[in-house]
Amino acid sequence: MRALWRLVTHPVFVRLTGLVVGGVFVWASLDKVTRPDRFADIVHDYDMLPLVFINAFALVMPWTEMTTGAALIVGVWRRGAGLLAAALTVAFLIAIAQAEIRGLEIQCGCFDVSGMTHSQASWDLFLRDIPLLLGAALVWRRG
Amino acid sequence: MFPEKLMSDQGESCPLICGTAALARWALARVPHATRAAILVAAAVAAGAAFNALNPFGIPWLPSPGNRIGIPRAFEARLPQIDAAQALTLYQAGEALFVDSRDAKDYRRDHVPGAINFPMREWPDFWPAIQSDLPRDRLLVLYCYGAHCGLSTRQGKTLLEEGYEKLAVLDYGWVTWIEHGYPTVLHPEGYPTREGGG
C-alpha cells in the first residue's frame, strides 16, 4: 500500500496525471466553445440554473475547462488548475446525479454538443467522472 | 521579501524587462492556489467574451426577449416568436404548417389539427423521412410543451441551419393553445391536462 502511495505521489506520475486530466478538459471544451448555443440548450435541460444565468454560464464554463486544461498540460499553476479541475468535476458529478435522481432523460453535454447522437446523463457517466476527480485532486494536492 | 538574487543576476543586462519579469515571477509565485484558480476563471471569462463576439453562433449573455435560451444572435430575427392569437390567425388562414416538436406519445394524445409530428428528441430517426413533408416555401409554426420548453426553439435553430427560412415558434407552445380553447385533435382517451375539455 505504501509502495502504491509512493508511486501515485511520484512527481512523474503526478505530472502525467495532470497531462491526462488537462487533455480531457481541453478535449471536452472544444465543441462547447464553438457552439455555446447548443451547450446552453443542454444546460437548460439540466434545470439547475435560473434562466437568466444560462447563456452566461454556457459562455464561461467551456472556456474555464479550456484554460484549466491548458494550464495542466503546459504545467503552469498546476495546483491551482488542479483545484479548479476538481471543483468543476464535483459540479459535473452533482449535475449528473441530480439529473438521474429526478429521472431527466437529457443529453450529457460532456464532449459532443453539436451532433444529433449523444451520450445521456447517466450513472455510468457519473462513475466515469470519479477517476477524473481523483486525478484532479492528486494534481491539486501533489502537483 | 523581493528576490535580490534575481535582480542582481539579470538586472545588469536588461534591468527593465528582466527586472519586471523577475518581479512578476516573484509575485505570481506567491499567489495562493485558490487565487490562481480564480485568475484562470477570469481568463476564461475574457476569452469567452472575445471569442463569442466573433463566433457566428455567438449568443447574448442574457436570454433573448421571451426568455429564449441559447439563440445565436444571428438567428434571433430569423426565428420569431409568436403568441397564441397570431398562431390562431395563421391556422385559420391556412397559411402555416404546424409542427409538433413534442414526443410522439404526446402528439398521439392531442395536437393542433393538421399539425405534423416531428419529435425533436428523435431528430435522427425522423429527419430523413420527414424532410419531404416540410415545405420550404410555407411558414412552419413550431410548438412544444409550454413555458421554457426548448424543443421547438432548438428545432427552429436546426432547421435554420438546414436552410429553412420561414419559421416561427409558438410562445408557451401547447399549453397556451389549449388554455385559449383553440381547436385540437383529441385522442379518444383524452389528454390528462384537459379534463372535461373537448
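Only residues that are surrounded by 20 or more Cβ atoms within 10 Å (Cβ to Cβ) and closer than 20 Å to residue A:106 by Cα: list them for region B:79-106, please.
Across region B:79-106, the qualifying residues are B:100, B:101, B:102.
Looking for something in contact with a His (Cβ under 8 Å, 6 or more places away or on another chain) and within 14 Å of chain A (Cβ to nearest Cβ) - is there at least one such residue anywhere in region B:142-151?
yes
Being part of a helix (DSSP H, G or I) and free of Cβ contacts under 8 Å to residues at least 40 places away in the same chain is the filter here; which residues of region A:42-56 pass it?
Residues satisfying the conditions are A:44, A:51, A:52, A:53, A:54, A:55, A:56.
Within region B:18-72, can you find the residues that are hydroxyl-bearing (Ser, Thr, Tyr) and under 29 Å from residue B:171 (Cβ atoms)?
Residue satisfying the conditions is B:64 alone.
Can you tell me which residue in region B:106-137 is nearest to the other protein chains (Cβ to nearest Cβ), limited to those that are over 21 Å from residue B:87 (Cβ atoms) and of a type in the set (Gly, Ala, Ser)?
The qualifying residue nearest to the other protein chains (Cβ to nearest Cβ) is B:129.
What number goes with the only condition from (1) touching a helix residue (DSSP H, G or I) at 6+ places or on another chain (Cβ under 8 Å); (2) of a type outside the set (Asp, Glu); (3) in contact (Cβ under 8 Å) with a residue 40 or more places away in the chain that residue B:90 does not pass?
Just one mismatch for residue B:90, condition (1).
Determine which member of the set A:58, A:28 is small (Gly, Ala, Ser) and more than 14 Å from residue B:52 (Cβ to Cβ).
Step by step, each of A:58, A:28 is checked, and only A:28 is small (Gly, Ala, Ser) and more than 14 Å from residue B:52 (Cβ to Cβ).
Please give the helices (runs of 4 or more DSSP H) falling wholly within region B:1-75 in which 2 or more residues are under 24 Å from the mean Cα position of the chain (by Cα) and at pLDDT 95 or above.
Qualifying helices (runs of 4 or more DSSP H): B:33-54.
If residue B:78 satisfies every condition in (1) over 27 Å from residue A:22 (Cα atoms); (2) without any contact (Cβ under 8 Å) to a residue 40 or more places away in the chain; (3) more than 9 Å from every other protein chain (Cβ to nearest Cβ) but one, which is the exception?
(2)
Looking only at residues in region B:134-158 that are more than 24 Å from residue A:46 (Cβ to Cβ) and of a type outside the set (Val, Ile, Thr), which one is surrounded by the most Cβ atoms within 10 Å (Cβ to Cβ)?
Among residues in region B:134-158 that are more than 24 Å from residue A:46 (Cβ to Cβ) and of a type outside the set (Val, Ile, Thr), the one surrounded by the most Cβ atoms within 10 Å (Cβ to Cβ) is B:140.
Of all residues in region A:43-55, which are closer than 20 Å to residue B:53 by Cβ, facing chain B (nearest Cβ under 7 Å) and surrounded by fewer than 20 Cβ atoms within 10 Å (Cβ to Cβ)?
The answer is none; no residue qualifies.
Which numbered condition trips up residue B:131, out of (1) modelled with pLDDT of 90 or more; (2) out of contact with any helix residue (DSSP H, G or I) (no Cβ under 9 Å at 6 or more places or on another chain); (3) under 28 Å from residue A:47 (Cα atoms)?
Looking at each condition in turn, residue B:131 falls short on (3).
Checking the condition without any contact (Cβ under 8 Å) to a residue 40 or more places away in the chain, assigned to a helix (DSSP H, G or I), buried (at least 24 other Cβ atoms within 10 Å of the Cβ) and not β-branched (Val, Ile, Thr), which residue from A:59, A:72, A:16 passes?
Answer to the check: A:59.
Within 8 Å of chain B (Cβ to nearest Cβ), out of contact with any Asp or Glu (no Cβ under 8 Å at 6 or more places or on another chain) and surrounded by fewer than 24 Cβ atoms within 10 Å (Cβ to Cβ): is that true of residue A:79 in this structure?
So residue A:79 fits the description; yes.
If we keep just the residues of region B:59-72 that are facing chain A (nearest Cβ under 7 Å) and free of Cβ contacts under 8 Å to residues at least 40 places away in the same chain, which is surrounded by the most Cβ atoms within 10 Å (Cβ to Cβ)?
Going through the qualifying residues, I end up with B:59.
Looking only at residues in region B:31-58 that are under 19 Å from residue A:141 (Cα atoms) and more than 7 Å from every other protein chain (Cβ to nearest Cβ), which one is surrounded by the most Cβ atoms within 10 Å (Cβ to Cβ)?
By that ranking, first place goes to B:39.
Tell me which residues, restricted to region B:160-187, are within 13 Å of chain A (Cβ to nearest Cβ) and closer than 15 Å to residue B:80 by Cβ.
B:160
The values are calculated or read from the model by the stated rules, or taken from the named source; none is laboratory data. Just so it is clear, the model here is predicted, and its values are computed rather than measured. Heads up, the Cβs are rebuilt from the backbone with ideal geometry, glycines too, and the neighbour counts pull from every protein chain shown.
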